[in-house]
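The next block holds one structure in the form of structure tokens; read it before the comments.
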Amino acid sequence: MPVHDSILDTVGRTPLVRLDEVVAEGPEVLAKVESFNPGGSVKDRIGRSMIEAAEEAGDLEPGGTIVESTSGNTGIGLAIAATQMGYDVVFTMPDKMAVEKERMLRAYGADVIRCPTGVEAEDPRSYYSVAERMAEDLDNAIYVNQYYNEANPEAHVRSTGPEIWEATDGEVTHFVAGVGTGGTISGTSRFLKDQDPSLTTIGVDPEGSILAHKHETGETEPDLAEPYLTEGIGEDLVPSTVWFEEIDEFVRTDDEESFAMARRLAKEEGILNGSSCGSAVVGVNRAIEQGLIDDDATVVVILPDTGERYLSTAYDEAWLRGKGLIEPAETVGEAAATPIPKVTPDDGLEAILRVAQAREVPSVPVVEDDEVLGLVVLDEVYGELLQSTRPRERNAHQLASQTPPSVDADTPLGSAVATLSKEHTLVVTDEGTPHGLLTREAALRHMGRL
């Protein structure tokens with residue numbers, strides 16, 4: 001195994017993994033798993049490429065600032081490259097994006113500005129417009145603009161395409177990828193079609209995006225754009241980096257099936273991935289259903305990123321219910337945090353805080369021999385800590401307030417609303433044994449009201 005001079009040298013050479021459980025029978029479907037890149041996504045490939053192109057053009061001077069509008073992954077790729085190449089970075093991001101992406105960008109030293117999702121690209125509040133304005137206002141700054149930067153698809157002409165051709169010994173017959181900026185599908189397809197003009201490239205576009213419509217009609221109609229939840233693909237504008245001549249067909253997917261497939265990929269194939277990965281695999285199955293892919297085909301599909309940055313969205317049932325992507329919870333047990341987050345009477349404050357933070361609950365039951373002795377409410381403890389350090393000297397039993405009401409796990413969620421209007425937290429029991437914890441926030445999210 002070689003020793004690399006920089007983390008940037010580890011970008012690419014991601015594996016192809018055969019999918020068995022989540023794809024239709026017939027063709028061989030190989031997933032190119034881009035989460036193996038150091039920043040966890042396919043966008044690592046374009047970060048260095050776009051910076052080097054700006055340097056070569058004389059647009060970026062040493063010590064300058066890179067500004068970009070990003071759904072998160074491009075920002076991470078740029079941030080990694082910038083740390084190694086001596087630049088500051090500022091990113092604008094739609095407010096629908098998972099908080100994990102913002103935290104990662106900040107971990108790499110970037111400044112992040114959230115912008116409203118439901119506005120047109122030309123709106124001064126959009127994350128495109130804000131990024132462009134910031135690049136103009138800052139000294140020695142450039143707006144990288146992946147949507148109109150030819151170094152974006154060119155990175156895939158040089159890397160992703162050749163990797164797929166080599167790994168399949170030139171046997172790939174179909175290439176499938178989600179389309180956002182278009183860099184991945186356009187550059188990869190151009191290389192593969194140069195090797196085999198008969199190869200078929202299929203783009204995947206989420207409902208609410210205008211790219212498939214553009215391909216089908218040649219018309220750019222931003223008014224057709226509608227909000228959707230799948231991150232990282234689809235657009236309400238038409239980037240110049242979408243090389244439509246390299247894309248033979250488009251298939252459409254919706255949020256519900258994309259998020260469901262992402263979860264299936266994790267559970268059935270062992271690949272933790274994001275919603276756009278789910279959309280890509282749904283796209284493969286749809287293309288098979290529509291006869292665009294035959295049984296003897298060898299299909300390569302891009303899985304763009306890791307699911308680690310979607311734990312609060314795609315892998316959170318309360319969030320999914322709140323967005324209408326899965327059915328609302330019917331019982332208290334379905335909505336409760338289980339197994340019950342708990343501490344023993346003798347546990348100290350540090351143990352209480354560990355449980356509360358790990359389980360993301362505002363209070364922690366004190367349990368002994370399957371009996372709830374009381375509830376440690378963190379807001380009350382924090383209030384005491386502001387006045388003195390005494391709470392650190394007391395155990396959980398001493399810090400607990402009165403025992404919260406309990407409700408059976410099979411109780412309809414709607415029936416618990418009256419109690420939750422008076423109590424912040426309920427203990428959920430199963431045959432008399434503490435089973436879970438239900439907060440007001442969790443109930444509202446599982447009912448689809450938050």
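The values are calculated or read from the model by the stated rules, or taken from the named source; none is laboratory data. Please read these numbers as outputs of a predicted model, since none were measured by experiment. Ideal geometry is used to build each Cβ from the backbone, glycine not excepted, and the neighbour counts take in all protein chains shown.
Worth pointing out:
- Scan of the stretch 226-264 for residues that are outside any loop (DSSP other than H, G, I, E, B) and farther than 21 Å from Val99 by Cα, ordered by number: Phe244, Glu245, Glu246, Glu249, Phe250, Val251, Arg252, Thr253, Glu257, Met261, Arg264
- Check on Glu171, in contact with a strand residue (DSSP E or B) (Cβ under 8 Å, 6 or more places away or on another chain), of a type outside the set (A, V, I, L, M) and modelled with pLDDT of 95 or more: yes
- Of all residues making up the stretch 185-224, the number that are at pLDDT below 95 and surrounded by 19 or more Cβ atoms within 10 Å (Cβ to Cβ): 0
- Here Asp88 qualifies as within 17 Å of Ile142 (Cα to Cα) and either in contact with a Pro (Cβ under 7 Å, 6 or more places away or on another chain) or not assigned by TED's automatic domain parsing to the domain that holds Glu231 (or both).
- Condition broken by Cys115, with the remaining ones in (1) under 19 Å from Glu231 (Cα atoms); (2) buried (at least 21 other Cβ atoms within 10 Å of the Cβ); (3) not polar (S, T, N, Q) satisfied: (2)
- You will find that of Ala155, Ala177, the residue that is surrounded by 23 or more Cβ atoms within 10 Å (Cβ to Cβ), hydrophobic (A, V, I, L, M, F, W, C), closer than 19 Å to Met50 by Cα and in the same structural domain as Val33 (by TED's automatic domain parsing) is Ala155 and no other.
- Subset of the stretch 405-450 that is of a type in the set (S, T, N, Q) and in a strand (DSSP E or B) - its residue that is surrounded by the most Cβ atoms within 10 Å (Cβ to Cβ): Thr429
- Evaluating Glu393 against the criteria (1) more than 18 Å from Ala337 (Cβ to Cβ); (2) within 38 Å of the chain's Cα centre (by Cα); (3) of a type in the set (Asp, Glu) leaves one unmet condition, (2).
- Qualifying position, being within 21 Å of the chain's Cα centre (by Cα) and of a type outside the set (Asp, Glu), among Gly187, Gly232, Gly170: Gly232
- Residue in the stretch 85-92 that is within 21 Å of Asp44 (Cα to Cα), in a helix (DSSP H, G or I) and not hydroxyl-bearing (Ser, Thr, Tyr) present: yes
- Whichever residue in the stretch 366-376 is in contact with a Pro (Cβ under 7 Å, 6 or more places away or on another chain) and outside any loop (DSSP other than H, G, I, E, B) and, among such residues, is nearest to Asp347 (Cα to Cα): Val366
- Sole exception among (1) of a type in the set (A, V, I, L, M); (2) out of contact with any Ser or Thr (no Cβ under 7 Å at 6 or more places or on another chain); (3) not assigned by TED's automatic domain parsing to the domain that holds Ser49 for Val172, by number: (2)
- Wholly enclosed strands (runs of 3 or more DSSP E) of the stretch 108-210 bearing at least 3 residues over 30 Å from Met85 (Cβ atoms): 174-178, 200-206
- Residue match in the stretch 15-34 (condition: in the same structural domain as Asn285 (by TED's automatic domain parsing), out of contact with any strand residue (DSSP E or B) (no Cβ under 7 Å at 6 or more places or on another chain) and within 23 Å of Val157 (Cα to Cα)): no
- Restricting the stretch 331-345 to residues that are within 27 Å of the chain's Cα centre (by Cα) and outside any loop (DSSP other than H, G, I, E, B) leaves a set whose member that is surrounded by the most Cβ atoms within 10 Å (Cβ to Cβ) is Ala335.
- Residues that are over 20 Å from Lys96 (Cα atoms) and not hydrophobic (A, V, I, L, M, F, W, C) were ranked within the stretch 266-280; the one that is surrounded by the most Cβ atoms within 10 Å (Cβ to Cβ) is Glu269.
- Residue that is nearest to Val130 (Cα to Cα), among those in the stretch 61-76 that are part of a helix (DSSP H, G or I) and in contact (Cβ under 8 Å) with a residue 60 or more places away in the chain: Thr74
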